[in-house]
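Chemist: Pasting a structure here, questions to come.
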Amino acid sequence: MVRIVTRAGPAPHGRARPVANEVPGQENELGPKAARTRSAIIDAALRLFREQGYEATTMRGVAAAAGVSVGNAYYYFTSKEHLIEAFYDRSQAEHAQATQAVFDRETDLAKRLLGVTDAWLDVMEPYRAFAGTFFKNAADPSSPLSPFSPESAAAREMAIGLWRRAVEGSDAKIPKVLRTDLPELLWLYFMGIVLYWVHDPSEGAARTRTLAARTIPLVVRAIGLARLPVLRASVADLLEFVHELKTAHAL
């Protein structure tokens, strides 16, 4: 999802290489004018995605809506996929900001986990009409938009870091066997919530919110049960299996 590129040399088909498919916040290093141009292109793309859908939106249309030349649009983003990567980065930053109030207020692990989930649903609600389209595309393992792709590594680590903050700031006693892997396991659980959200037709994602509210206490209870001696070996075996899967798929 995050891609760092340079200015040097021409891009394929004579297009200038993009300068701003970077780590969230790095656009500030482009300079005020370039950052404004990049932001305007993203804003225009999101508006067109909402109005006419992802598939019908073209880079030419995005450039026109942003008031820039097509070449300038390609200078910042080589494709619609890179625009979606930028959208992911922006929404991820908004998600982190939206969870801060919960982190400041709550130490109960279940409330912190539910706060992270609800904050994401709130941030994504304005984009829900079209977000399902590219989230479905992202489900393709070969897509660079997949949350499990090599291109998504940096953004994936940032997302996992948010779940790490949720755990480390809680008053929960995390079993030693789970301490290292728990944030990533929670992120994987959340990927299941996101998949459900993509197919959820309910207003305000009410069904998805109910699913999270019902399952998060079970997740927290399972974390506590991992402390029991009789389950430690089983938990260790499960984590070893997850590590083997990660190695096999180079996640």
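We did not get these values from a lab; they are worked out from the coordinates using the rules stated. Because the structure is predicted, anything quoted here is derived from the model rather than measured. When we count neighbours, we look across all protein chains shown, and the Cβ atoms used for this are built from the backbone with ideal geometry, even at glycine.
Chemist: Based only on other Cβ atoms within 10 Å, what is the fewest-to-most ordering of HIS199, HIS82, HIS95?
Modeler: So the residues, fewest neighbours to most, are HIS199, HIS95, HIS82.
Chemist: Right, next: Once the piece of chain linking ARG207 and ASP43 is laid out straight, how much longer is it, given 0.36 nm per residue of separation minus the C-alpha distance between them? Provide the component values of the computation, followed by the final result.
Modeler: Details: separation 164, 0.36 × 164 = 59.04 nm, distance 2.90 nm.
That pair, ARG207 and ASP43, stretches by 56.1 nm at full extension.
Chemist: May I pose another question? Among PHE87, PHE77, rank each residue by its count of other Cβ atoms within 10 Å, from fewest to most, as a rough exposure measure.
Modeler: Listing PHE87, PHE77 from fewest to most nearby Cβ atoms yields PHE87, PHE77.
Chemist: Give me the distance in nm between label points sitting 7 Å out from Cα along the Cα-to-Cβ direction at ARG128 and SER234, one decimal.
Modeler: 3.7
Chemist: If each residue's Cβ is checked for other Cβ atoms within 10 Å, how do ASP108, ASP89, ASP200 rank with the fewest at the top? Don't skip to the answer; put the middle values down first.
Modeler: On the way: ASP108 14, ASP89 23, ASP200 20.
Starting with the residue having the fewest Cβ neighbours, the order is ASP108, ASP200, ASP89.
Chemist: Please state the shape class of the range 87-249: rounded when a/c is under 1.5, otherwise prolate if a/b exceeds b/c and oblate if not, all from the C-alpha gyration tensor.
Modeler: In terms of gyration-tensor shape, oblate.
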